[in-house]
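J.: Input: one structure, supplied below.
The values are calculated or read from the model by the stated rules, or taken from the named source; none is laboratory data. Note that this is a predicted model, so its numbers are computed, not measured. With ideal geometry, Cβ positions are generated from the backbone for all residues, glycine too; neighbour counts draw on all protein chains shown. Side chains included, ligands, DNA and RNA excluded: accessible areas come from the protein's heavy atoms. Shrake-Rupley method; radii C 1.70, N 1.55, O 1.52, S 1.80 Å.
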Amino acid sequence: MAHNLAPHQPQPPKGVFVITNLKNIKPFIEKSVPFILTAILIVTTGAFGYHIWHVHEKTAIEQTYRTAVPAPTNYYVIDGPAQDVHNVADDMGNIGYCPLDDQSRPTCAVGLLSTHTRAEAKERDPQTIEIDPAGWPSHNEKVTIDSNNGEFWNRSYILPDSLGGKPVKENLITGTLAQNVGATTAHDGGMAYVETLAQQYLDNPSHDNCPLYYAAKPKYDEDNPIPSTVTIDIESCDRSLSQHVIVFNTANGYTIDYSNGSFHPIER
């Protein structure tokens with residue numbers, strides 16, 4: 001039977017739990033835990049919600065296209081203006097390479113490109129590549145990918161030869177034919193898209209005093225020696241040209257094992 005409260009003490013509304021002595025503290029806490037946890041979750045979400053959303057937004061495009069079948073149109077996507085900025089020397093024409101990682105994989109190539117370095121690259125013959133990049137497979141055959149014929153795997157520059165890049169291990173990856181030149185015979189996709197964009201900028205004499213920042217980063221899935229994508233940030237000193245480009249190391253019609261370079265046609 002419920003106890004009657006004194007007449008001068010108003011009875012609390014039903015459902016409200018009142019602490020009248022120390023014996024009530026434990027059940028009070030037990031009943032309050034769900035509400036406390038909910039409050040913490042709301043506060044946490046409010047404080048960090050934007051950060052979590054921002055990180056998701058930054059990676060959504062790359063993750064979507066990395067798993068897309070077929071590959072994105074012409075094997076690249078422009079993901080807004082340039083994002084990453086590495087420290088490079090102030091003098092134009094400087095090109096540098098980040099150290100290889102603990103698995104001897106390239107990590108980045110950075111340059112402050114000038115019309116002069118572009119002119120020097122145009123005057124000399126293409127450089128001979130005498131080393132194999134990380135993950136170079138023992139088996140490589142001629143195939144047809146989209147509209148292009150050639151060997152499935154290429155020794156692909158991350159900072160192109162035509163812009164002053166060197167054929168060193170720090171600047172070479174194992175890239176598909178499509179990653180290198182794109183889907184069409186115009187060779188205007190994949191890494192060639194960014195290379196052509198830079199060439200056009202640097203071939204313009206009016207840009208003699210406005211260098212072009214170029215930074216490329218291969219991205220690897222776990223311990224794979226062959227990257228699944230390469231991201232390139234390219235930006236002129238006046239920001240009239242500024243792009244963050246994701247290039248996909250894939251091949252329409254083929255499955256690829258990035259751990260050993262094996263590839264197989266997809267059965268249709």
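Yes or no, residue by residue, for (1) within 20 Å of the chain's Cα centre (by Cα); (2) among the charged types (D, E, K, R); (3) outside any loop (DSSP other than H, G, I, E, B):
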{"position": "Val85", "(1), (2), (3)": "yes, no, no"}
{"position": "Arg105", "(1), (2), (3)": "yes, yes, no"}
{"position": "Leu112", "(1), (2), (3)": "no, no, yes"}
{"position": "Glu130", "(1), (2), (3)": "no, yes, no"}
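J.: Is there a residue in the stretch 124-132 that is in contact with a helix residue (DSSP H, G or I) (Cβ under 8 Å, 6 or more places away or on another chain), among the basic types (Lys, Arg) and either open to solvent by less than 10 Å² (accessible area, probe 1.4 Å) or closer than 23 Å to Tyr201 by Cβ (or both)? Spell out the reasoning first.
T.: Initial filter on the stretch 124-132 (in contact with a helix residue (DSSP H, G or I) (Cβ under 8 Å, 6 or more places away or on another chain)): 126-127, 131.
Within this subset, residues satisfying the condition of being among the basic types (Lys, Arg) are none.
No, that holds for no residue.
J.: Another question, then. Can you name every residue in the stretch 89-126 that is within 15 Å of Tyr157 (Cβ to Cβ), of a type in the set (A, V, I, L, M) and in contact with a Phe, Trp or Tyr (Cβ under 9 Å, 6 or more places away or on another chain)?
T.: Ile95, Ala109, Val110, Leu113
J.: So, His264, is that one open to solvent by 40 Å² or more (accessible area, probe 1.4 Å), part of a strand (DSSP E or B) and of a type outside the set (S, T, N, Q) or not?
T.: So His264 passes the test.
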